[in-house]
Every structure is written in structure tokens, then in C-alpha cells.
Amino acid sequence: MAVTGQQVFDMAMVLIDEVSETGNIVADNPEYYRARSIKILTLLQAELMRVSETPVVINDLSQNLSLSDKQCLTVLPYGLAAHLLIQEDVNTASFFNARYDELKRRSPATIEPITDVNNVLGGMQ
């Protein structure tokens, strides 16, 4: 399964309490949130990727995200919610950002060998 930006956006809308009991977005200006989410998801996705990976620029929320499904479904919604609320509700944005940081730290790290392209180690490897 590939998670789309729309799925992460929908989850973030639930987190920031902008969804009614019928599942409809009830934000005053949902298009404002959608437009910002496209750029924010590109930023967050790049932040969570390995340094050696090239992030995909998100141009539309229907695009698949390049992260694992688990990261998309657990980490990204909190990061997106934090960024969407930063100007409206600093306290709630701080809560979501703290949760995002916590979940980001739980993501498994991968160790990649460093290539000494400038021979800084002088053959000491």
C-alpha cells in the first residue's frame, strides 16, 4: 500500500479537530490547509528520509509519499498538524510537534557507510 498526501492530510484534520462526526472537513478555509499541506509534506518527507535519498516534491495531495507506510501513518500526521496550527494555536501546535519529534526518534535508524571521497582519513579506514 502506498500512502498518499491526502490520507495524511485527512488524519491531520482529525488531529486538529477540523472533521465532523460524519467525516467532513469543517474548517473555515479547507483549501488554505490543503495548499499549505502540499509544501509542508514535501518538507517533512525530506526531513524523515535518509541523507542519501532524494525526496519527491509533492505537487498534489493525491501523490504517493516516498516514506514507509508506517512513517506516513504515524509520524507525518503529527508533523503536519503542528505546522498547520503554528499560527493559530501555539500550545496545540507545540503538543503535536513534541509528539512528532517523539515518533520521529522511534523510527529505526539505518547505518550507512561513509565514503571518504576527499581522502580525509588518509587510508586509515
Going toward the positive end of the dipole of the chain, with +1 on Lys and Arg Cβ and -1 on Asp and Glu Cβ, which of Tyr100, Thr4, Ala46 do you reach last? Ala46
Of the candidates Gln45, Gln87, Gln63, which one comes out as most mobile in a Gaussian network treatment of the chain with C-alpha springs shorter than 10 Å? Gln87
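Sort Ile58, Ile38 from largest to smallest accessible area, using a 1.4 Å probe on the heavy atoms of the protein chains.
Details: Ile58 0, Ile38 35 Å².
Accessible-area ranking of Ile58, Ile38, largest first: Ile38, Ile58.
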Computed from the coordinates I sent, percent of Cα pairs over 19 Å apart equals one of (1) 47; (2) 82; (3) 51. Tell me the label. (3)
Of all accessible heavy-atom area on the range 25-80, the percent that carbon and sulfur account for (1.4 Å): 53 percent
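In square angstrom, what is the accessible area per residue of the chain with a 1.4 angstrom probe?
63 Å²
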At 222 nm, what value in deg cm²/dmol follows for the chain if DSSP H runs of at least 4 each add -39500 (n - 2.57) and the sum is divided by all its residues, to the nearest 500? -16000 deg cm²/dmol
Angle between the chain longest axis and helix 5-15 axis [Cα atoms, degrees, rounded to 10]: 60 degrees
How far apart, in nm, are the 7 Å Cα→Cβ label points at Ile25 and Ala46? 2.3 nm
Using a 1.4 angstrom probe on the protein heavy atoms only, line up Val117, Val19 by accessible area, largest first. Val117, Val19
Just how large is the dipole of the chain about the Cα centre, in debye to the nearest 20, putting +1 at every Lys and Arg Cβ and -1 at every Asp and Glu Cβ? 360 debye
Report, to the nearest 10°, how far helix 90-106 tilts away from the longest principal axis of the Cα atoms in the chain, using its own Cα long axis and a range of 0 to 90°. 40 degrees
At 1.4 Å probe size, what's the solvent-accessible area of Lys39? Round to the nearest 10 Å². 140 Å²
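Specify whether the C-alpha gyration tensor of the range 60-103 places it in the rounded, prolate or oblate class, a ≥ b ≥ c being the square roots of the eigenvalues: rounded for a/c under 1.5, otherwise prolate if a/b is larger than b/c and oblate if not. It would help to have the intermediate numbers written out before the result.
Details: a/c = 4.28, a/b = 1.59, b/c = 2.70.
Since a/c reaches 1.5 but b/c is at least a/b, the shape of the range 60-103 is classed as oblate.
The values are calculated or read from the model by the stated rules, or taken from the named source; none is laboratory data. Given the structure is predicted, the values throughout are model-derived calculations rather than measurements. We place every Cβ from the backbone using ideal geometry, glycine too, and count neighbours over all the protein chains shown. These area figures cover heavy atoms from the full protein model, side chains too; ligands, DNA and RNA do not enter into them. Shrake-Rupley method; radii C 1.70, N 1.55, O 1.52, S 1.80 Å.
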